[in-house]
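What follows is a set of notes on a single structure, which appears directly below.
Only the coordinates and a few stated rules stand behind these numbers; no lab work does. Please read these numbers as outputs of a predicted model, since none were measured by experiment. Using ideal geometry, Cβ is built from the backbone for each residue, glycine included, and neighbour counts are taken over all protein chains shown.
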Amino acid sequence: MRQGQILLGLFFGVAIFAGGCGRSYQTIQTREASPETQSRPETTNPAPSKADSLQKIGERQFHAGKYALASQTFYKVIIQSPDNWKARYYLGLISTENGEFAVAEKWFEQSLTQASYDGSTRSAIYTSRAQMYELCGNPSRALLDYRTAANLDPQNQLAIEALNRLSSSIGSATQPK
């Protein structure tokens, strides 16, 4: 990999079923960063670091539904690589799955702080945080995050569909009968 390129990581586009309610998460793609979207200088390493290897293990554990193991692995990633936004993102997803919404909110916020300023990456994080807000019964915060996600990435269909769904349900709830 040459300098000027950011590995945003291959994320996931699987549906996760919890409590009988299907939820799919945003996919984060790998692509070259333009100078205006690169948030901090990146160094390239020809061999994957220990943190990179742990990150991949944690992702496999997450996808296998082994959330406790994945959580432990992502904590190790953060110890190895304190600026790793993706480990924090996964910890937010795990906390959401476990119904620990205050903890999930913290992890998503830290992920946003650490992530690049690439619109699609940030849009995916905002979308997942909006899903968490929906689950914990805060539709107004969810609506705000879905709107932010759609503005950051107009191709984010998950955010756009949720935005339309929530806008109509909140609008109909405020209409006089």
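Descriptive notes on the structure:
- Residue order, fewest to most beta carbons within 10 Å, for 121, 73, 113: 113, 73, 121
- Column: log10 I(q)/I(0), Debye, Cα scatterers of the stretch 49-174, q = 0.15, 0.20 Å⁻¹: -0.69, -1.08
- Each of 112, 91, 54 was scored by other Cβ atoms within 10 Å of its Cβ. Arranged with the fewest first, they read 112, 54, 91.
- Relative packing of peptides 55-68, 124-137, 74-87 - highest average C-beta neighbours within 10 Å first: 124-137, 74-87, 55-68
- Per-residue Cβ neighbour counts within 10 Å put 101, 108 in the sequence 101, 108, beginning with the fewest.
- Positive minus negative residues near residue 77 (Lys, Arg vs Asp, Glu; Cβ under 15 Å): +3
- Over all other residues within a Cβ to Cβ distance under 12 Å of residue 167, the charged ones net out to +1, with Lys and Arg as +1 and Asp and Glu as -1.
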